[in-house]
Amino acid sequence: MNSIFSIPTAPARFIAFAALCAAFLAVPLLEALAQDMPRPPRNAAVRFLEPLNGARVTSPVRLRFEAVAILTEPAGKVSAGSGHHHVIVDALPTPSGQAVGKDAQHLHFGKAQTEASLELTPGLHTITLQFADGLHRSYGPALSRSIIVEVTR
């Protein structure tokens, strides 16, 4: 007996189930990415406390940094007037609204850390402090500062 309805085979059922799961899991991610990026307070800034621009240092380099007039909070939650630090080594700052990369040159401080120890090779290095929202979206040049240090050994 021929029917216009058929029972899918096991592989087809698995593929349909996997697609349904992927769609279900993607909804919260898409909702989070669709959130408007909060604007930082006008007087917000980030700065290095240590080392200072032009410093001669040895490796490991101790970094201390802070955010001014904006809260430093762990990553994950997007709330106005807050974010967390990223340190970018020998690479360009991240444009406003773009997610900060995550690799050897882009270090994330998503637990709201304000200091680090950084192994650098001898020579000149540009170190950029980049503040971003809870989803790692950069606040851009307004909340970015770069220094150049010379690592002597």
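A short reminder: the numbers here are calculations on the coordinates, not readings from a lab. Keep in mind the model is a prediction, meaning the values are calculated, not measured. Neighbour counts are summed over all protein chains in view; Cβ atoms, including those assigned to glycine, are modelled from backbone coordinates with ideal geometry.
A few comments on the model shown:
- Using the Cβ of Asp90 as centre and a radius below 15 Å, the other residues enclosed give a net charge of -3, where K and R count +1 and D and E count -1.
- Relative contact order of segment 45-151, defined on C-alpha pairs under 8 angstrom at six or more residues apart (%): 38 percent
- Extension gain, Arg47-Lys111: 0.36 nm per intervening residue step, less the Cα-Cα distance, totals 21.2 nm.
- Neighbourhood charge, 10 Å Cβ-Cβ cut-off, centred on Pro122 and excluding it, Lys, Arg +1 and Asp, Glu -1: 0
- Residues whose amide H falls under 5 Å from that of Ala99, counting only those 5 or more places apart or on a different chain, are Ser138, with hydrogens built in the peptide plane.
- 5 angstrom amide H check on Ala112, placed H, neighbours 5+ away: Ala75, His85
- Cα shape, segment 45-151, gyration tensor, a/c 1.5 rule: prolate
- Surrounding net charge for Phe65, when Lys and Arg each add one and Asp and Glu each subtract one, Cβ distance under 12 Å: +1
- Couplings 3J(HN,Hα) for segment 39-55, derived from phi with the Karplus relation 6.51 cos²θ - 1.76 cosθ + 1.60 (θ = phi - 60°), are 8, x, x, 4, 8, 5, 7, 10, 7, 7, 8, 7, x, 8, 4, x, 5 Hz, where x marks Gly and Pro.
- Compared with the alpha-carbon gap, the fully stretched path from Glu119 to Ser79 is longer by 11.1 nm at 0.36 nm per residue.
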